[in-house]
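To start, the structure itself, in structure tokens.
The values are calculated or read from the model by the stated rules, or taken from the named source; none is laboratory data. If you're wondering where the values come from, they're calculated on a predicted model, not measured in any experiment. Glycine gets a Cβ as well: all are built from the backbone with ideal geometry, and neighbour counts include every protein chain shown. Areas reflect the complete protein model, heavy atoms only, side chains present, ligands, DNA and RNA absent. Shrake-Rupley method; radii C 1.70, N 1.55, O 1.52, S 1.80 Å.
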Amino acid sequence: MIEGVPSVLNLTEIAEREKEEFGKRVYEVIKELGAERITFCMQCGACASICPLARVGFEWFNKKLIKALLLGLKEELLDDPTPWACVACNRCTEVCPRDVSPFEVMFAMRRLMVEEFAIPTLAIEALRSLYEHGHAVYMTGREARKKVGLPEKPPSTDSDEKALEDLRKILKETKLASLGLIPME
Amino acid sequence: MKYGLFLGCNIPFNRPDVEVSMREIFPALGIELDDLRGQSCCPTWGTLPSIDVVGWCAVAARNLALGEERGIDLMTACNSCYGSLNEARHKMLTNPEIMEKVNEILAKIGKKYEGRAKCRHVAWVLYKDVGLEKLRESIKFSLEGLTVAVQPGCHFLWPSKVYPDKEEDPFNPKVLREICEALGADAPYYSRLIDCCGMGALRSTDPEKSFKLVKDKLECIKEEIDADLIVTTCSSCLIQLDDAQEQLRKKGEINFSIPVFHLVQIVAICMGFDPSRVAGICVTPRDEVIKKILENEVR
């Protein structure tokens, strides 16, 4: 990294990863990204029967996404919003008879999409806010706190410079930095 | 007994009346609170958990370490924080490689996490540490004559393997119902009791689909048990059920109004704390039901 120049996109790292992943089946990448047991899925559908996303009509809900990934589909899935709508409720994890944790597949898919920069603007905003304030949800207006008689700032990174600096140091050690998803001064 | 009060984001900025409720009721019930100075976002699902497993665990571990350094567990009123912190802890405890990488990162800020401190949920602290008997003895006003629709919320229940406290059957949760009954209410089962409220990523990705879930839930509560109020253990459910309800009314999709409270708020009101401070922020009006509760003085 060159001093004074914010790392926006670390193309070298992405290029290396692409080279490494070339020829790898997509489910292998998904396994590395956290869904270690994806290949144990037997398509029983227990996860889909209980998934809020399946109920309201998202296209690539857990069972279907797992099948697609096991078949080697990837490009077709990158623009789909389903993984980003997952509420991480983990009903699927609870009922899965093969301990696949379909939630982990959904989130590994998010992580794969992030590597391809298929990430929603709102997620980028939350990450920026996390880096800037230590809170993904943050409000500058403090009327609500004042109204109920609380100090303007909570006892968090919001009122503790050293703690915020510590958190930023941690964030700089994550993929958030190596992928260059947000500017980190 | 002492806990680190883990605030998260939605509570201190969006619904600080929930923060006031916790700060009032727990000391009054004999539970000391530590501010966990320097705490941050848990991290929530749309941030590090969506990017990098080790990064997720590292941010969670810094928060958990703040408790561990003080020899105490954390306590939260936000189901997302409860889920994210405990899932991260479960990953670190079951995967030594993740734990090692996390501690390499934490070493850069002079911290470490050994996996001891965990995050408890306020509802479980009320249920187990305080106990229903003491809770019953501590209230000045009761919910007698009122019907409560309980909303435990997803991350209070699943995946049960990562949580320090577990329902006997996470698909037929009883704890929140029992606490509400201890406060004097009727808290019956209804068929959409464990349904998702549609908040979080679902709401930001597709509001229309999110509203379908919350509308189904609210209509079920109205038709099956005609509840006087909804009580939830989750700050996200609180915001969704309160705020989306108002939007559904404005669109003419529902024609009723059911006030929504976080569990700690309803406990605070029953214990006699000032409703304008412990339950002063909402979209769906609460005044009428609060008035009813305050007429129900316990002896």
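Let's see how each residue does on (1) polar (S, T, N, Q); (2) over 17 Å from the mean Cα position of the chain (by Cα); (3) within 14 Å of another protein chain (Cβ to nearest Cβ):
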{"position": "A:ARG37", "(1), (2), (3)": "no, yes, yes"}
{"position": "A:CYS41", "(1), (2), (3)": "no, yes, no"}
{"position": "A:ILE50", "(1), (2), (3)": "no, yes, yes"}
{"position": "A:LEU77", "(1), (2), (3)": "no, no, no"}
{"position": "A:CYS86", "(1), (2), (3)": "no, no, yes"}
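Of all residue pairs spaced 6 or more apart or on separate chains, those with beta-carbon atoms under 9 Å, a first member in region A:56-71 that is within 13 Å of another protein chain (Cβ to nearest Cβ) and surrounded by fewer than 24 Cβ atoms within 10 Å (Cβ to Cβ) and a second member that is assigned to a helix (DSSP H, G or I) and of a type in the set (Asp, Glu) are A:VAL56/B:GLU208. If you check B:SER204, B:SER210, B:SER191 for being assigned to a helix (DSSP H, G or I) and either surrounded by 20 or more Cβ atoms within 10 Å (Cβ to Cβ) or more than 11 Å from chain A (Cβ to nearest Cβ) (or both), only one passes: B:SER210.
Of the helices (runs of 4 or more DSSP H) lying entirely inside region A:77-185, not one is found with 3 or more residues being in contact with a strand residue (DSSP E or B) (Cβ under 9 Å, 6 or more places away or on another chain), open to solvent by less than 50 Å² (accessible area, probe 1.4 Å) and more than 25 Å from B:ASN86 (Cβ to Cβ).
Among the numbered conditions (1) in contact (Cβ under 8 Å) with a residue 60 or more places away in the chain; (2) more than 7 Å from every other protein chain (Cβ to nearest Cβ), tell me where B:ASP34 comes up short. Among (1) in contact (Cβ under 8 Å) with a residue 60 or more places away in the chain; (2) more than 7 Å from every other protein chain (Cβ to nearest Cβ), the lone unmet condition for B:ASP34 is (1).
Quick one: is B:VAL231 touching an Asp or Glu at 6+ places or on another chain (Cβ under 7 Å), under 17 Å from B:GLU219 (Cα atoms) and at pLDDT 95 or above? Considered against the rule, which asks whether it is touching an Asp or Glu at 6+ places or on another chain (Cβ under 7 Å), under 17 Å from B:GLU219 (Cα atoms) and at pLDDT 95 or above, B:VAL231 comes out as no.
Could you check region B:149-166 and list, in sequence order, the residues that are in contact (Cβ under 8 Å) with a residue 40 or more places away in the chain and out of contact with any Asp or Glu (no Cβ under 7 Å at 6 or more places or on another chain)? Matches in region B:149-166: B:ALA149, B:VAL150, B:GLN151, B:PRO152, B:GLY153, B:CYS154, B:HIS155, B:PHE156, B:LYS161, B:TYR163, B:PRO164, B:ASP165. Residues in region B:88-110 that are among the basic types (Lys, Arg) and surrounded by 19 or more Cβ atoms within 10 Å (Cβ to Cβ): B:ARG89, B:LYS91. For region B:127-147, the criterion of being surrounded by 20 or more Cβ atoms within 10 Å (Cβ to Cβ) and without any contact (Cβ under 8 Å) to a residue 40 or more places away in the chain is satisfied by no residue at all. Every listed requirement among (1) at the interface with chain A (Cβ under 10 Å from one of its Cβ atoms); (2) out of contact with any strand residue (DSSP E or B) (no Cβ under 7 Å at 6 or more places or on another chain); (3) open to solvent by 10 Å² or more (accessible area, probe 1.4 Å) is met by B:GLU24 save one, (1).
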